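Everything on this sheet refers to the single structure shown next.
The values are calculated or read from the model by the stated rules, or taken from the named source; none is laboratory data. Because the structure is a prediction, the values reported are computed rather than measured. Positions of Cβ are backbone-derived with ideal geometry, glycine not excepted, and every protein chain shown enters the neighbour counts. Note: accessible area is taken over every heavy atom of the protein model, side chains too, but ligands, DNA and RNA are not part of it. Shrake-Rupley method; radii C 1.70, N 1.55, O 1.52, S 1.80 Å.
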Amino acid sequence: MPKHDLILLAMDASPTLDLMERALHASDYELATTHDHAGLDRIIQQSIPALMIIGEHLGGEDGFSISMDVLERFPTMPIILYSEKTGSDAAAKVIRAGVSGFLHPPLRINDIVEEVQRNLSRASKLGDWLRREVKRTTASLEQKAKISEAERGKLEAIISNIQDGVIVLDESHHILLANKIVQEIFNLNGAPIVGGYLKDIIPNADLSALIDRARNGALKYHEINFDDGRVFNAQYTPLPRIGSAVTMQDISYLKEIDRLKNDFIHTVSHDLRSPLTSILGYMELIGRSGPLNDSQQEFLGRLQASVQHMTSLVNDLLDLGRLESGFDTRRETVDLCNVMEYSLNVFDSQIKSKSLQVITEFSPNIKSLRANPIRIRQMIDNLVGNAIKYTPPNGRILLNIVMQENQIVLRVTDSGPGIPADEQTRIFDKFFRASNRPRDVEGSGLGLAIVKSIVESHQGRVWVESKVGVGSTFVVLLPAHD
Ligand code: ADP
């Protein structure tokens, strides 16, 4: 028999209360008695009783609603309700209140003690079950914690052994994890970096630019250049609920190969230019040196077209070489809208012959650029030229220039064939031509590579938004000059 459990008797004074007190006392239970709601609350606060017997009425209040209130706060407390009434009404109220036992007249001492024991034993089983569940859940959490600790160890081992630099940042750009390659890349001499703010620990302009611009989705890759000639390709990956990761691969050797290849192309193009000029010159002379028959005239015309095509290819290659070597330092104040108007004048006959509808939308507040006017003209000629070249007759070209904060945004939109999604990232590569381009449209695949070089040498960005069968928009972002 349970001894010393505290039973709270919350009932109006009555012979039934006396009977209960006697019965439970005789069974060695500790008792606390109250005749009102406030007393009940006080006893519950001071010493949580093992069980409560509550009368249907308590100090003028409804015992059912007081029980519900107590169960809200102590959901596992066994409560026995005493009611003078029996029958379905009383039973329904007992069920609704959610109490665990019910006593009603006629009452015998045994009835009281047995109901109390039954309720206490049920409460103790419920307590055991709860403890078991808590233990089981805790064990499974501990297990999970152990697994994630092991996973973390594995992850750290992988990250510290890979040959790329890896930095994991939290959402406020504090370093959560960085491998030892990062130390080597930025010559940090073993200084502790975990926990520090990235820009304080690694004050590198290229890395900061990547982080700042990646945050608004504008950039995912960026080159990090060092004065000693090393170049790293840094890649930004957002990590949901963690922050972000920056990985860095050493691409210095690729850059060196690229430089050698560019030097080679530059030398060959340069050496080809003089013989091409003399071929063109002599072809002119052939025409003047005597009468030619129709076939000779036709062959000469074809030769001239081919040599001109070669000459423009060689000129493009030389241009690219110059741009990539960074020699283009000429800077003047340039009005982009004016350059666009000049360019459109030159293309006028082509626009008319294809019956294209060209719409210009220039915001009135466009600031000027600090740029090389010849290069800007070349960039616009290439973009507008492509739009005209690839848009079928009766198509539509929209030229839009707006300001966006301190950037000038140029959009060249056409209703041409569009560019397949998987080729859009390669469209600015040298010699790349899209697979769906019309076969009769001539080109070398260098125009957009030149556009990209020009834009980047002016600290801008260019990209394409395009849908096959709908059209393309080439977007150029250039910093305005204050
Ligand atoms: P190309 O001399 O071939 O025009 P570019 O470098 O200017 O070389 O362009 C590369 C390729 O991009 C083109 O061959 C073409 O497939 C595609 N392209 C460029 N501009 C457009 C455009 N406005 N509409 C559709 N495709 C385009």
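Could you check the stretch 1-52 and list, in sequence order, the residues that are open to solvent by 60 Å² or more (accessible area, probe 1.4 Å) and under 20 Å from F74 (Cβ atoms)? Result: H4, E30, D36, A38, R42, Q45, Q46, I48. If the condition is being closer than 13 Å to T473 by Cα, within 33 Å of the chain's Cα centre (by Cα) and open to solvent by 10 Å² or more (accessible area, probe 1.4 Å), then the stretch 387-406 contributes L398, N400. Kindly indicate whether S472 is buried (at least 20 other Cβ atoms within 10 Å of the Cβ) and within 8 Å of the ligand (Cβ to nearest atom). Considered against the rule, which asks whether it is buried (at least 20 other Cβ atoms within 10 Å of the Cβ) and within 8 Å of the ligand (Cβ to nearest atom), S472 comes out as yes. Say we look at the stretch 315-347 and pick out the residues that are modelled with pLDDT of 90 or more and closer than 21 Å to G443 by Cα; which of these is surrounded by the fewest Cβ atoms within 10 Å (Cβ to Cβ)? Out of the qualifying residues, it is V346. L410 meets all of the listed conditions (1) modelled with pLDDT of 95 or more; (2) near the ligand (Cβ under 9 Å from one of its atoms); (3) in contact with a Leu (Cβ under 9 Å, 6 or more places away or on another chain) but one, namely (2). Applying the selection to the stretch 413-429, what residues are near the ligand (Cβ under 8 Å from one of its atoms) and not acidic (D, E)? Passing the criteria: G416, P417, G418, I419, I427, F428. When H266 is tested against (1) over 40 Å from the mean Cα position of the chain (by Cα); (2) open to solvent by less than 70 Å² (accessible area, probe 1.4 Å); (3) over 21 Å from G326 (Cα atoms), only condition (3) is not met. The number of residues in the stretch 392-406 that are touching a strand residue (DSSP E or B) at 6+ places or on another chain (Cβ under 6 Å) and either modelled with pLDDT under 95 or aliphatic (A, V, I, L, M) (or both) comes to 5. Modelled with pLDDT of 95 or more, in contact with a Lys or Arg (Cβ under 8 Å, 6 or more places away or on another chain) and not in a loop (DSSP other than H, G, I, E, B): is that true of V475 in this structure? Yes.
Report yes if F432 is within 28 Å of the chain's Cα centre (by Cα) and within 11 Å of the ligand (Cβ to nearest atom), otherwise no. Can you show your working first?
Working: within 28 Å of the chain's Cα centre (by Cα): no; within 11 Å of the ligand (Cβ to nearest atom): yes.
Considered against the rule, which asks whether it is within 28 Å of the chain's Cα centre (by Cα) and within 11 Å of the ligand (Cβ to nearest atom), F432 comes out as no.
Examine the stretch 279-288 for a residue that is over 25 Å from W463 (Cα atoms) and touching an Asp or Glu at 6+ places or on another chain (Cβ under 7 Å), and state whether such a residue exists. Checking the stretch 279-288: not a single residue is over 25 Å from W463 (Cα atoms) and touching an Asp or Glu at 6+ places or on another chain (Cβ under 7 Å). Residues that are open to solvent by less than 80 Å² (accessible area, probe 1.4 Å), at pLDDT below 90 and either within 23 Å of F428 (Cα to Cα) or assigned to a helix (DSSP H, G or I) (or both) are absent from the stretch 288-304. Residue pairs whose Cβ atoms lie under 9 Å apart, sitting 6 or more positions apart in sequence or on different chains, and linking a residue in the stretch 126-142 that is under 22 Å from S100 (Cα atoms) to a partner that is open to solvent by 60 Å² or more (accessible area, probe 1.4 Å) and outside any helix (DSSP H, G or I), are L126/T76; G127/T76; L130/T76. The set of residues in the stretch 447-457 that are touching a helix residue (DSSP H, G or I) at 6+ places or on another chain (Cβ under 8 Å) and either within 9 Å of the ligand (Cβ to nearest atom) or open to solvent by 10 Å² or more (accessible area, probe 1.4 Å) (or both) comprises G447, L448, A449, I450, V451, S453, S457.
Being more than 29 Å from R131 (Cβ to Cβ), out of contact with any helix residue (DSSP H, G or I) (no Cβ under 9 Å at 6 or more places or on another chain), modelled with pLDDT of 90 or more and hydrophobic (A, V, I, L, M, F, W, C) is the requirement here; does L58 meet it?
Considered against the rule, which asks whether it is more than 29 Å from R131 (Cβ to Cβ), out of contact with any helix residue (DSSP H, G or I) (no Cβ under 9 Å at 6 or more places or on another chain), modelled with pLDDT of 90 or more and hydrophobic (A, V, I, L, M, F, W, C), L58 comes out as no.
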